[in-house]
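Here's the structure, in structure tokens; my notes come after.
The values are calculated or read from the model by the stated rules, or taken from the named source; none is laboratory data. Predicted, not measured: the structure shown is a model, and the values here were computed from it. Here the Cβ positions follow ideal geometry from the backbone for every residue, glycine too, while neighbour counts run over all protein chains shown. Heads up: the accessible areas ignore ligands, DNA and RNA and are worked out on the full protein's heavy atoms, side chains in. Shrake-Rupley method; radii C 1.70, N 1.55, O 1.52, S 1.80 Å.
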Amino acid sequence: MRPQDIVVLVKILTMNDRGWQLKDLANSLYISNSEISESLERSAYAGLIDFGKRNVHRGNLLDFLIYGMKYVFPAQPGILTRGLPTAHSHPFLQTFISSDQAYVWPSQSGSILGQAIEPFYANQVKAAQEDDELYRLLALLDVIRVGKLREKNIAEKELKEILSHVKSY
């Protein structure tokens, strides 16, 4: 698996029952069609999406996100930089978690100063700025990657709640 595979699967979940094509994913995530196709192949092999590559195995993905992602795609807060707020600094998560330290995905267009968290792939900031639901889910994943126990528990609860509204396969 590659880090962008997580984003592709989460994006599919945000599309719910809407029909989508590879080009829809590619355009909305700023990833090439071939990279989307390869990502779906890897995810099918890992059992995170069906072999028709249309339906995410929600339970398997949730288990991976909660228990495996932090080991496969770890993140360490880096230097202070301007960027788009992520993890507990995301506006949605600030209702649950308060902190003096901000975490951001580095971006020249960012207005918040915080410690850099490396995004899953290069164009993640662009994709997140255009899709609030994707942005919120990716911020929750960053909490799992860099948060403390209490913060991780909140993120896990929110992820389970969000994914419970997604059609199960």
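For the chain, averaging the sequence separation of C-alpha pairs within contact (under 8 Å, six or more residues apart) and dividing by the residue count gives a relative contact order of 25 percent. Does region 13-63 come out rounded, prolate or oblate, given a ≥ b ≥ c as the square roots of the eigenvalues of its C-alpha gyration tensor, rounded meaning a/c under 1.5 and, failing that, prolate meaning a/b above b/c? Note, shape of region 13-63 comes out oblate. Mind checking which aspartates and glutamates have their C-alpha under 19 Å from K148, skipping anything on the same chain fewer than 8 residues away? Counting by Cα, and skipping residues close in sequence, K148 has these aspartates and glutamates nearby: D63, D100, E118, E156, E158. Here the accessible area is traced with a 1.4 Å probe on the protein chains. For region 79-164, carbon and sulfur cover 49 percent of it. Put simply, when 52-58, 122-128, 1-7 are sorted by average Cβ atoms within 10 angstrom per residue, most first, you get 1-7, 122-128, 52-58. Taking amide hydrogens as placed 1.01 Å from N in the peptide plane, the amide H of I112 sits under 5 Å from those of G83, each at least 5 positions away in sequence or on another chain.
Placing unit charges on the Cβ atoms of the charged side chains and taking the dipole of the chain about its Cα centre, the candidate lying farthest along the positive direction among I79, Q101, N60 is N60. Estimated from helices alone, the mean residue ellipticity of the chain at 222 nm is -14000 deg cm²/dmol (sum of -39500 (n - 2.57) over DSSP H runs with n ≥ 4, per residue). Near E118, the amide H atoms lying under 5 Å from its own belong to Q76; only residues 5 or more places off or on other chains count, and H is placed 1.01 Å from N. Between G47, N33, T14, whose Cα lies farthest towards the positive end of the dipole of region 3-72 when Lys and Arg beta carbons carry +1 and Asp and Glu beta carbons carry -1, centred on the Cα centre? Highest projection toward the positive end goes to T14.
The heavy atoms of W20 present about 10 square angstrom of accessible area, all protein chains included, probe 1.4 Å.
Derived scalar couplings between HN and Hα for region 98-104 equal 10, 7, 7, 8, 9, 10, 9 Hz in order, rounded to whole Hz, by the Karplus curve 6.51 cos²θ - 1.76 cosθ + 1.60 (θ = phi - 60°), x for Gly and Pro.
Stretched out straight at 0.36 nm per residue, the stretch from F51 to N27 would grow longer than its current Cα-Cα span by 6.4 nm. In this rough spin-label picture, where each label sits 7 Å from Cα along the Cβ direction, the K157-T95 distance is 1.3 nm. Based on protein heavy atoms only, the chain ends up with 51 Å² per residue of surface accessible to a 1.4 Å probe.
Given +1 at the Cβ of Lys and Arg, -1 at the Cβ of Asp and Glu and no other charges, the dipole of the chain around its Cα centre is 180 debye to the nearest 20. The ratio of the alpha-carbon radius of gyration of the chain to the globular-protein estimate 2.2 N^0.38 Å is 0.98.
Taking amide H atoms as placed 1.01 Å from N in the peptide plane, the amide H of Y103 lies under 5 Å from those of T86, S89, Q115, each 5 or more residues away in sequence or on another chain.
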